[in-house]
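Engineer: Here's a structure for you.
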Amino acid sequence: MTPTSLDYYGIEELLTSDERAARDRARRFVEEEVMREIVPHHRAGKFPEHLTGRMGSLGFYAPYLKEHGCAGLSYTAYGLIMQELERADSGLRSLASVQGALTIQAIHSFGSPEQHTRWLPGLVSGEQVGCFALTEHRHGSDPGGMETRARRDGDQYVLNGSKCWIGNASIADVKVVWAKDDEGRVGGFIVEKDAPGFRTQDIEGKFSLRMSRTSECWFENCRIPAENRLPQASGLSAPLSCLAQARAGIAWGVIGAAIDCYETALAYAKAREQFGRPIAGFQLVQEKLVWMVQEITKAQLLALRLTRMMEADAVTPAQISLAKRNNAWMALECARKARDILGAAGISDRYPVIRHLMNLETVYTYEGTHDIHTLAIGRDITGLDAFGG
Ligand SMILES: Cc1cc2nc3c(=O)[nH]c(=O)nc-3n(C[C@H](O)[C@H](O)[C@H](O)COP(=O)(O)OP(=O)(O)OC[C@H]3O[C@@H](n4cnc5c(N)ncnc54)[C@H](O)[C@@H]3O)c2cc1C
């Protein structure tokens, strides 16, 4: 196990023994089973699929839930698990977010008891793969404008439309698809593998989150049983509430990527000599390292306070936005500074920094772009909506 991990303000003391144990379990998994897979899979642009079930068996999907095999841990333990996964690669953490905080969360929050029994155990164990299809080709930041429709036809729904940038859609057994019903209300519909009228294609040529499968999907008179509608999901607030859970995981997760960048840059700067001395001895290099320690420490305190508020059921969506916005930005800036400190070596995948940097460009954008969170917080503090429309 890695002995060092940046903890400048003694966050460790604020964690329970269960939370530390969950984090250590995730860290051990990453070091013993994941790290050797990353560079070859990243180069190939593929996810090591055998890890999906393994992560389920370790209880990494929606671990803050209690039923249906979920681990029943605190939100802070969930965050720490996401941190360790993202220390390895944002694609690994993204899988856990899509499977847990989005797909499992949606069915858990809005599904009937029969739907829980039918789909949650397989998703929680990782035997089944899930996806969460909200974004469309013409509607990203503005999901309320979605054009996908679910028309009721007897004991079936008929879906028409398309989705884009959907994690794992092409292999998902259980797809939570958001579409407008006959009344124009957003609802959640489960589309199972091989549903007639469903077509999908993976997006090629990604330079970010290469270890993640991301797909486009089309629904052309795609028929699903009416009982596959999530009965409690009514309106856009349903998918947005799932995104809030995932964003809290991101606020913690990106700290892992930032720490990996910082620790790589520190070790490199101490070893690399120029002008007859280690570059870590130059003031300009130290300023970058200090900035990273300062911002990672602030991000850790922010993330910890966020999940403590979630545990007390006393958090607002805007507070979650603030943590996602700050921490994703912070991690991206750490990756940029670390890449700079490594000089030319920083662009090679011999070091993890350039991979984190490319990955974090996605994290900065998905689950609400940086600027969309700015508008959400701006609306919260001023009472004025600057979204337009
Ligand atoms: C690798 C990857 C995986 C993803 N996985 C999923 C998934 O599993 N499921 C899913 O549903 N989606 C997923 N997404 C989609 C993601 O959530 C969207 O990309 C994101 O919401 C932004 O939408 P967009 O890309 O269409 O950008 P746009 O909405 O077109 O935004 C483009 C730019 O315009 C800015 N902008 C937009 N509106 C405003 C405004 N009112 N004021 C100021 N600026 C504005 C944005 O901030 C951004 O800078 C994924 C994306 C990626 C890259």
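The values are calculated or read from the model by the stated rules, or taken from the named source; none is laboratory data. Predicted model only: the values in this text are computed from it and were never measured. Note: ideal-geometry Cβ built from the backbone for every residue, glycine included; neighbour counts use all protein chains shown.
Engineer: Any residue at all in the stretch 155-162 that's in a loop (DSSP other than H, G, I, E, B) and of a type outside the set (D, E, K, R)? Steps first, please.
Structural biologist: Filtering the stretch 155-162 down to residues in a loop (DSSP other than H, G, I, E, B) leaves 155.
After this cut, where a residue has to be of a type outside the set (D, E, K, R) as well, the list is none.
Scanning the stretch 155-162, I find no residue that is in a loop (DSSP other than H, G, I, E, B) and of a type outside the set (D, E, K, R), so the answer is no.
Engineer: I'd like to check something: does the stretch 56-64 contain any residue that is farther than 19 Å from Ile250 by Cβ and in a helix (DSSP H, G or I)? Give the steps one after another, and end with the answer.
Structural biologist: Within the stretch 56-64, the first condition is being farther than 19 Å from Ile250 by Cβ, and the residues that meet it are 56-59.
Still in the list and also in a helix (DSSP H, G or I): 56-57.
So far as the stretch 56-64 goes, yes, one or more of its residues are farther than 19 Å from Ile250 by Cβ and in a helix (DSSP H, G or I).
Engineer: Right, another one. Residues that are among the polar types (S, T, N, Q), free of Cβ contacts under 8 Å to residues at least 60 places away in the same chain, within 19 Å of Gln245 (Cα to Cα) and within 9 Å of the ligand (Cβ to nearest atom): does the stretch 347-364 have at least one?
Structural biologist: Keep residues of the stretch 347-364 that are among the polar types (S, T, N, Q), which gives 348, 359, 362.
Okay, now just the ones that are also free of Cβ contacts under 8 Å to residues at least 60 places away in the same chain, so 348.
Filter again for within 19 Å of Gln245 (Cα to Cα), leaving none.
The answer is no, given that none of the residues of the stretch 347-364 is among the polar types (S, T, N, Q), free of Cβ contacts under 8 Å to residues at least 60 places away in the same chain, within 19 Å of Gln245 (Cα to Cα) and within 9 Å of the ligand (Cβ to nearest atom).
Engineer: Could you say whether any residue in the stretch 295-308 is farther than 30 Å from Ala62 by Cα and surrounded by fewer than 19 Cβ atoms within 10 Å (Cβ to Cβ)? Walk me through it before giving the result.
Structural biologist: If we filter the stretch 295-308 for residues that are farther than 30 Å from Ala62 by Cα, which is where we start, we get none.
No, every residue in the stretch 295-308 fails to be farther than 30 Å from Ala62 by Cα and surrounded by fewer than 19 Cβ atoms within 10 Å (Cβ to Cβ).
Engineer: A further question follows. Restricting the search to the stretch 223-236, which residues are in a strand (DSSP E or B) and surrounded by 23 or more Cβ atoms within 10 Å (Cβ to Cβ)? Even if it seems obvious, please write down each step before you answer.
Structural biologist: Restricting attention to the stretch 223-236, the residues satisfying the condition of being in a strand (DSSP E or B) are 223-225, 229.
Once the filter is applied, which keeps residues that are in a strand (DSSP E or B) and surrounded by 23 or more Cβ atoms within 10 Å (Cβ to Cβ), the stretch 223-236 yields only Ile224.
Quick grid of which residues meet (1) surrounded by fewer than 16 Cβ atoms within 10 Å (Cβ to Cβ); (2) more than 8 Å from the ligand (Cβ to nearest atom); (3) closer than 18 Å to Leu159 by Cβ:
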{"site": "Ala106", "(1), (2), (3)": "no, yes, yes"}
{"site": "Leu134", "(1), (2), (3)": "no, no, yes"}
{"site": "His139", "(1), (2), (3)": "no, no, yes"}
{"site": "Asp142", "(1), (2), (3)": "yes, no, no"}
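Engineer: Out of Val39, Val30, I need the residue that is surrounded by fewer than 19 Cβ atoms within 10 Å (Cβ to Cβ), part of a helix (DSSP H, G or I), more than 16 Å from the ligand (Cβ to nearest atom) and aliphatic (A, V, I, L, M). Which one? Write out each step before concluding.
Structural biologist: On the way: Val30 fails: surrounded by fewer than 19 Cβ atoms within 10 Å (Cβ to Cβ).
Only one candidate passes the filter, namely Val39.
Engineer: While we're looking at this one, here's another question. Quick one: what pairs do we get from the stretch 170-185, first residue not assigned by TED's automatic domain parsing to the domain that holds Gly197, second buried (at least 16 other Cβ atoms within 10 Å of the Cβ) and outside any loop (DSSP other than H, G, I, E, B), C-beta under 8 Å, 6+ apart or different chains?
Structural biologist: none
Engineer: Given the options Ile377, Ile320, Ile372, name the one that is in a helix (DSSP H, G or I) and more than 14 Å from the ligand (Cβ to nearest atom). Talk me through it step by step, then tell me what you get.
Structural biologist: On the way: Ile377 fails: more than 14 Å from the ligand (Cβ to nearest atom); Ile372 fails: more than 14 Å from the ligand (Cβ to nearest atom).
None of the other options fit; the residue is Ile320.
Engineer: Can you tell me which residues in the stretch 111-127 are buried (at least 16 other Cβ atoms within 10 Å of the Cβ) and either within 16 Å of the ligand (Cβ to nearest atom) or free of Cβ contacts under 8 Å to residues at least 12 places away in the same chain (or both)?
Structural biologist: Arg118, Leu123 - these are the residues of the stretch 111-127 that are buried (at least 16 other Cβ atoms within 10 Å of the Cβ) and either within 16 Å of the ligand (Cβ to nearest atom) or free of Cβ contacts under 8 Å to residues at least 12 places away in the same chain (or both).
Engineer: Only strands (runs of 3 or more DSSP E) wholly contained in the stretch 170-212 count here; list those with 3 or more residues that are within 14 Å of the ligand (Cβ to nearest atom) and crowded, with 16+ Cβ neighbours inside 10 Å. Steps first, please.
Structural biologist: Working: elements: 174-180, 186-192, 198-202.
Once the strands (runs of 3 or more DSSP E) in the stretch 170-212 are filtered for at least 3 residues that are within 14 Å of the ligand (Cβ to nearest atom) and crowded, with 16+ Cβ neighbours inside 10 Å, what remains is 174-180, 186-192.
Engineer: Also: Which of the numbered conditions does Glu67 fail, given that it passes all the others? Conditions: (1) closer than 30 Å to Glu114 by Cβ; (2) of a type in the set (D, E, K, R); (3) under 19 Å from the mean Cα position of the chain (by Cα).
Structural biologist: Going through the list (1) closer than 30 Å to Glu114 by Cβ; (2) of a type in the set (D, E, K, R); (3) under 19 Å from the mean Cα position of the chain (by Cα), Glu67 breaks only (3).
Residue by residue, here is whether (1) modelled with pLDDT under 95; (2) not assigned by TED's automatic domain parsing to the domain that holds Leu342 holds:
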residue	(1), (2)
Asn221	no, yes
Ser241	yes, no
Ala251	no, no
Ala265	no, no
Ala280	no, no
